[in-house]
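Remarks on the structure that follows.
Read-outs: derived from the displayed coordinates by stated rules, not from any lab. Note that the structure is a prediction, hence the values are computed from the model and not measured. Neighbour counts are summed over all protein chains in view; Cβ atoms, including those assigned to glycine, are modelled from backbone coordinates with ideal geometry.
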Amino acid sequence: MICLGTWEFGQTDQWGAHDVSEYGRVLDRALDAGINFIDTSELYGNSEEILGQLLKGRREKVILATKIAGYQWDYNTMRKRLQQSLKRLQTDYLDLYQIHWPKIKGADHGQCLSNMESEDYSLIASSLGRLKSEGLISMGGVSNFRLRHLRGFNDDAFNIIASDQVPYSLLWRAYDDRETIDFCGLKGVKYLAYSTLAVGLLSGKYGRDTRLAPAQSSNLLFNEPILTYALKVVEVVKGVAKEVDASPAQIALRWVIDREPTCSAIVATTNPENISANVEAVDLHLTRDQSERLDVASKEFWSSMSPALEMWIWRNTSANLEKIGVKL
Ligand SMILES: NC(=O)c1ccc[n+]([C@@H]2O[C@H](COP(=O)([O-])OP(=O)(O)OC[C@H]3O[C@@H](n4cnc5c(N)ncnc54)[C@H](OP(=O)(O)O)[C@@H]3O)[C@@H](O)[C@H]2O)c1
């Protein structure tokens, strides 16, 4: 149910460098607490290497997922990149190999020149299928793929594409629409929810003056005027947390876990103490009234956003950002 995210392990400018032994403690705590699913990406700095070292001798205990970045999905490129990930992770197979992002014209600071084309979908499906038949991966998946992207695949592709890793939280509902959920249900695609704490914002420990990591500053939710609206939702989360004697992070996680399409809630931490708290969220009980209050606050917030927005600023066109008053 809970998956450990490891972008924060990467020792990159985005999250800063930490003591690697701390990550060892996070991983030990996670395995002890029964977490058996770990997510990384070739895009997360040294995360794959660090995980490879930390998982030595216990790789079989976990379901291991990574992602291929960029937009080259022909078989030879994907096989080469997968082999590099396997080497860094010190394993000879992956449980889940995901396409990190679809092409979005104008994204990546304007460097992505086109949207997804029909050839892209067939390359992804056939390359993932061949990697599976070679025993290098058990399953394929996509990430950040909207309904229009999922519809680009032939039905057969869903024999190999098992999941869509998507941002999903009280502060991000772009994938929370009936049509996408029904389509995924029909094709057997599960949501792996990420940024379930809205990159930490829903933990309640951030205000207008808190020092942010670059990964947070470049997230739409931490930018005005969005931050002001988002903090109103955080206040509701804090209120419910007080009522049930839990932390805001636990309430936010519980809410995601309860949502129909969520198969696993990914949450990241660099603090071993937060692991037990996050796992305990699975057993929290929210009354119908509490769930509804969270949902109402969340929907009110979301109604001021456009579903076309992406959570990371650089994935958006400047026109879309201007519409919601975010200045770069
Ligand atoms: N597919 C994609 O495009 C994509 C994009 C982003 C992320 N992801 C995946 O999702 C993972 C997590 O997403 P995310 O990094 O965006 O953010 P997140 O899980 O929503 O939030 C992480 C932040 O929450 C804090 N936190 C965690 N548990 C807490 C607790 N119990 N109490 C208080 N604070 C807590 C952490 O701070 P501390 O370190 O201080 O605990 C960390 O800064 C990533 O590592 C990655 O695996 C995927």
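Figures for the structure shown
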read-out	value
Under the span-like rule (Cα at least 20 Å along the axis, Kyte-Doolittle mean at least 1.0), DSSP H helices of the chain	226-244
Most mobile listed residue (166, 234, 62) in the chain, GNM with C-alpha springs under 10 Å	62
Rg ratio (alpha-carbon, reference 2.2 N^0.38 Å) - segment 76-191	1.09
Residue-span extension gain [residue 183 to residue 114] - 0.36 nm each, minus C-alpha spacing	22.4 nm
CD proxy at 222 nm, helix term only [per DSSP H run n ≥ 4: -39500 (n - 2.57); per residue of the chain; nearest 500]	-12000 deg cm²/dmol
Relative exposure of 1, 311, judged by other C-beta atoms within 10 Å (fewest first)	1, 311
Which of 127, 114 has the fewest Cβ neighbours within 10 Å, and the rest in rising order	114, 127
Label-point separation, residue 271 to residue 232 (7 Å along Cα→Cβ), nm	2.8 nm
Order of 187, 327, 205 under a 10 Å beta carbon neighbour criterion, fewest first	327, 205, 187
Cα centroid separation - segment 34-48 against segment 52-76, whole Å	7 Å
Normalised contact order of segment 21-104, rounded percent, pairs of Cα under 8 Å and 6 or more residues apart	33 percent
The chain - percent relative contact order, Cα under 8 Å, separation 6 or more	20 percent
Relative contact order %, segment 156-224, counting alpha carbon pairs below 8 Å whose residues are six or more apart	33 percent
Sites residue 151 and residue 224, calculated FRET efficiency, Cβ-Cβ separation with R0 22 Å, nearest 0.05	0.05
Debye log10 I(q)/I(0) for the chain, one point scatterer per Cα, at q = 0.10, 0.13 Å⁻¹	-0.56, -1.00
Spacing of the two label points (7 Å from each Cα toward its C-beta) at residue 95 and residue 308, in nm	3.9 nm
Cα centroid separation - segment 1-29 against segment 214-285, whole Å	18 Å
Inverse mean reciprocal Cα-Cα distance (Kirkwood Rh) of segment 57-123, Å	13.5 Å
Chain lengthening between residue 243 and residue 130 when straightened (0.36 nm per residue, less Cα-Cα)	35.5 nm
Residue 260/residue 17 FRET efficiency (R0 51 Å; Cβ-Cβ; nearest 0.05)	0.85
Percent breakdown of C-alpha pair distances by 5 Å bin, ordered from the shortest bin, for segment 186-276	2, 13, 22, 23, 21, 12, 5, 2, 0
Max mean-square fluctuation residue, GNM over the chain, Cα-Cα springs under 10 Å, options 250, 111, 83	111
Segment 1-107: trypsin sites (Lys or Arg not before Pro) in DSSP loop, at most 12 other beta carbons within 10 Å	56, 58, 105
Per-selection Kirkwood Rh - segment 160-230 (Cα, Å, 1 d.p.)	13.6 Å
